[in-house]
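Shown next, in structure tokens, is the structure this report addresses.
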Amino acid sequence: MCARLISDGVAASPPPERWRSAREASRVGVKGRRFNRTLFKTATARRLRRDSTDVEKRLWQKLRNRQLGVDFRRQHPAGLFVLDFYCSVLRLAIALDGGQHAEHAKRDQRRDAWFEQQGVTVLRIWNSDVTGNFSGVIEAIAAKVSELQSSEMTPTRRWRADLPLSGGGDLRKGRA
């Protein structure tokens, strides 16, 4: 997918649906993508997936294939950032922090504030916790997943089998 460039050289997000133009989509209320993905961000995420650390690989083995009951993405581009792990259904981001994050606490706070504005919950985990207390880390992630799942409203069904169909309630043909 190629990105369109606007006049100031910033890549614009593609139309939300292939068969609709951006103008047509805006008329019917379809908005652009939430995190404004670009070719550069996608390439960066692919490079980070390819060159992942041992800690990321170890945690990914437990997060992949719905082992905790939800789907996670690895190295997901979002805004100006790339998330280590992201569950789109629960809007949960897991950030693995190494030693360099202790030096950049302000930057991490700005990043977390931006994600909070987007409605994303960020769970920060130190690399040393993953290597030293892996089962505890998995339990903490599972607890956060279940907390977010229980706080989410369950989707309503389009129809309810326990309600009578139109035209008579309990009165059916041949029954009184």
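The values are calculated or read from the model by the stated rules, or taken from the named source; none is laboratory data. Remember, predicted model here, so these are calculated numbers, not experimental data. Cβ atoms come from the backbone with ideal geometry, glycine included; neighbour counts cover every protein chain shown.
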(message) Could you check region 138-170 and list, in sequence order, the residues that are of a type in the set (Ser, Thr, Tyr), at pLDDT 90 or above and under 23 Å from HIS76 (Cβ atoms)?
(response) SER146
(request) Please tell me if SER135 is surrounded by fewer than 16 Cβ atoms within 10 Å (Cβ to Cβ), closer than 18 Å to GLU56 by Cβ, modelled with pLDDT under 95 and hydroxyl-bearing (Ser, Thr, Tyr). (result) no
(message) Within region 51-75, take every residue that is without any contact (Cβ under 8 Å) to a residue 40 or more places away in the chain and touching a strand residue (DSSP E or B) at 6+ places or on another chain (Cβ under 9 Å) and give me the one that is surrounded by the most Cβ atoms within 10 Å (Cβ to Cβ).
(response) PHE72
